[in-house]
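One structure is given here, and the rest of the page talks about it.
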Ligand SMILES: C[S@@+](CC[C@H](N)C(=O)[O-])C[C@H]1O[C@@H](n2cnc3c(N)ncnc32)[C@H](O)[C@@H]1O
């Protein structure tokens, strides 16, 4: 069996420490696609005149019987799917007032729920939910996901198994750096655990994947990388990425076990970050440099874990309370033995007062590691 071996453990800072929340089980899956995500271009968008949509929904809601209510909902559905002329002026975006965009398939399925309702009360419940989704935005402190429209976020994976497909190589993202992660990983983490304008810290910045994604998602990024040559090449690529929201992309050269993150943030008048993304070396699988402070040069797993623990201790004071730290790591196989680096590192994090929120398994389809794994008969 080709076991999936790249894990992303997410742990949340917890004031009392050692409190472990219920977790999802570790998933071991065979290397086959279990589900497919509908590609963005196949998802149509319905743009409605906002005030007309609200008026129409209110009128449908006021229908005297369930049958007449459903007739109104059917008319709405047919207009949205262009099966009848828009006599209600619903799609007239030139009419006075704002517009509201919906993922068409989601909107139609919401209307179907009205149509399938067994009671008027239930149908009204679905209609009001639709009205709320048009009228209001409800987000949490952690991200910008509108909870009233959560069904429309097909780009955010909430499963504990991530099947990411091909490496994203758009723009300045390149696979030049042996040992980088695919951009979809920091992207998913940021969409889920940060808001626009938040700060993300990557203490093992490598080729700058996180900082490039930060620019695309309107997040500020601080990265630290021990290898000056790698940092300089990463810096070059990051600056080639457009920066439409003028976010900060700060990449420093340093050793994250003792780097002064507080001072680096202070330069930007910031005290703390809202997300830490850790993608350390998988011990000595890839030697990143000859620098003895480089975690990939630790002589033993114990030494590696001890230095990794120092990084956690060093980043913790600059991570805002109740925000997230994510660890992206693969295990290693050495001298006939599987070394669960992921679990060991996760434990180092938990020992330092974090609570576990999720363990995610990522499919390694299309990565170089997989090719090696296959060659090794893994
Ligand atoms: C797995 S790679 C990270 C790759 C990165 N996520 C990317 O997409 O390019 C780990 C990186 O950590 C760096 N590193 C190792 N020890 C370090 C330390 N003590 N402080 C800072 N960086 C370190 C290595 O040079 C390497 O670039």
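Structure notes:
- Taking the range 116-217 as the region of interest, the helices (runs of 4 or more DSSP H) fully inside it that hold 3 or more residues being buried (at least 19 other Cβ atoms within 10 Å of the Cβ) and outside the structural domain of residue 56 (by TED's automatic domain parsing) are 184-193, 209-217.
- Close contacts from the range 226-245, counting a first residue that is under 21 Å from residue 203 (Cβ atoms) and a second that is loosely packed, with under 12 Cβ neighbours inside 10 Å, with Cβ to Cβ under 9 Å and a gap of 6+ residues or different chains, come to 233/176; 237/176.
- Considering the range 314-339, and only residues there that are more than 13 Å from the ligand (Cβ to nearest atom) and over 24 Å from the mean Cα position of the chain (by Cα), the residue that is nearest to residue 264 (Cα to Cα) turns out to be 339.
- Within the range 234-271, the set of residues being away from the ligand (no atom under 15 Å from the Cβ) and either buried (at least 20 other Cβ atoms within 10 Å of the Cβ) or under 26 Å from residue 188 (Cβ atoms) (or both) comprises 239, 240, 242, 243, 244, 245, 246, 247, 248, 265, 268, 270.
- Any hit, the range 221-233, residues being within 15 Å of the ligand (Cβ to nearest atom), in the same structural domain as residue 255 (by TED's automatic domain parsing), modelled with pLDDT under 95 and touching a helix residue (DSSP H, G or I) at 6+ places or on another chain (Cβ under 8 Å): no
- Filter result for residue 202 (within 9 Å of the ligand (Cβ to nearest atom) and in contact with a helix residue (DSSP H, G or I) (Cβ under 9 Å, 6 or more places away or on another chain)): yes
- For the range 85-113, the tally of residues that are surrounded by fewer than 13 Cβ atoms within 10 Å (Cβ to Cβ) and in a loop (DSSP other than H, G, I, E, B) stands at 5.
- Residues of the range 279-297 classified as within 13 Å of residue 226 (Cβ to Cβ), surrounded by 18 or more Cβ atoms within 10 Å (Cβ to Cβ) and more than 7 Å from the ligand (Cβ to nearest atom), total: 1
- Residue count, the range 112-138 (criterion: modelled with pLDDT of 95 or more and more than 14 Å from residue 54 (Cα to Cα)): 13
The values are calculated or read from the model by the stated rules, or taken from the named source; none is laboratory data. Here the structure is a predicted model, which is why all the values come from computation and not from measurement. Virtual Cβ from ideal backbone geometry, glycine too; neighbours counted across all protein chains shown.
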